[in-house]
1. Where in the chain are the DSSP H helices whose C-alpha atoms run 15 Å or more along the long axis and whose mean Kyte hydropathy is at least -0.5?
2. What residue among I205, I74, I189 has the largest mean-square fluctuation in a Gaussian network model of the chain, using Cα springs under 10 Å?
3. Using alpha-carbon positions, what is the distance between the centroids of the stretch 209-229 and the stretch 236-268, in Å?
4. Report the net charge of residues surrounding S247, where surrounding means a beta-carbon distance below 9 angstrom and charges are Lys +1, Arg +1, Asp -1, Glu -1.
5. Distances over 18 Å make up what percent of all Cα-Cα pairs in the stretch 218-281?
6. Taking the chain as a Gaussian network, Cα atoms linked when under 10 Å apart, which of T12, T136, T244 shows the biggest mean-square fluctuation?
7. Given just the C-alpha atoms of the stretch 4-119, how large is their convex hull per residue in cubic angstrom?
8. With springs only between Cα atoms under 10 Å apart, run a GNM on the chain and tell me which of G182, G46, G202 wobbles the most.
Amino acid sequence: MNRIAFVNGQYTAQTMAAVHVEDRGYQFSDGVYEVIPVMGGKQIDGIGHLERLDRSLRELKIARPMSDRAMSMIIDEVVRRNRVRDGWVYIQVTRGVSPRDHAFPKDVEPALVIYARPKPATARRQNAENGVAIITAPDQRWARRDIKTVSLLANCIAKQAAKEAGAYEAFMVDGDGMITEGSSTNAWIVDQEGRLITRPAGNEILNGITRLALIALNQELGLEIVERPFSVEELRDAREVFLTSASGLALPVVKVDDKVIGNGRPGSISTRIVETFERYVSGADTNIAAGKTVA
């Protein structure tokens, strides 16, 4: 199947899609992105993802390419044209094309790319059932991690280290020995009292849309959530560990570096969270995180 992408106002065969050599995203990482999960042919938390995209654009003073409503309609059309039932949509907005100069150019049109890919839910469900292994790695990213920028080299280095170690993810560690987040996930632990602990939203982490959805869904779970940094030692000694992301929803972690968590199987609280997310994505309201992104 020849996949279709939306590139700067036109639907085009993905094999023919191209960006200009002086696109500032290509030359300076001067752009932002979002990935919206698609399950059952519908966007999951699409409104929340577009709200976060708008925030990232504002923080970098990049013009919005169109309204959220128009972009959502294009996303649905890209999903339809590519016949994606389960998978994801990638959205990238760069400042646009301009002669190379570090300073922001004036009166330049932003560049927009949207494409979709299928991803069967089988692997996610197997990971949720069995749990995943992670490693810890130094956090080498820039200081504005709250902006979902396309500059992901440090994240890629951490993810590659995890892959080479046979792990699913790398939880990154700041200079004080505290966990920030995963290379493409938010990090959570369950302490011995059964409380969920995760780093508070701020410049140090990306405020995940799935993270926000879990906080909102906690009305059903009735668990205590504590937003504070936690250390590598707390991570390894936790009752349970799990991660959240748009692609994986919630996944239990059963091993950190060389330390087995609990009995090496997903714990009862992580399992409840996984089950709650599965009910959520199969329901009618899949925009629970909307309006809850960091201002």
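Laboratory data are not the source of any read-out in this text; all were calculated from the coordinates shown. Model, not experiment: these values are computed from the prediction. Positions of Cβ are generated from backbone atoms using ideal geometry, with glycine treated the same way; all protein chains shown enter the neighbour counts.
1. Span-like helices, by this rule, are 68-81, 153-164, 209-221, 268-281.
2. Highest fluctuation of the listed residues: I74.
3. Distance between centres, Cα-based: 16 Å.
4. Result for the neighbourhood of S247: +2.
5. Of all Cα-Cα pairs in the stretch 218-281, 40 percent lie more than 18 Å apart.
6. Result for the chain, Cα springs under 10 Å: T12 fluctuates most.
7. So the per-residue Cα hull volume is 94 Å³.
8. Looking only at G182, G46, G202, the largest GNM fluctuation is found for G202.
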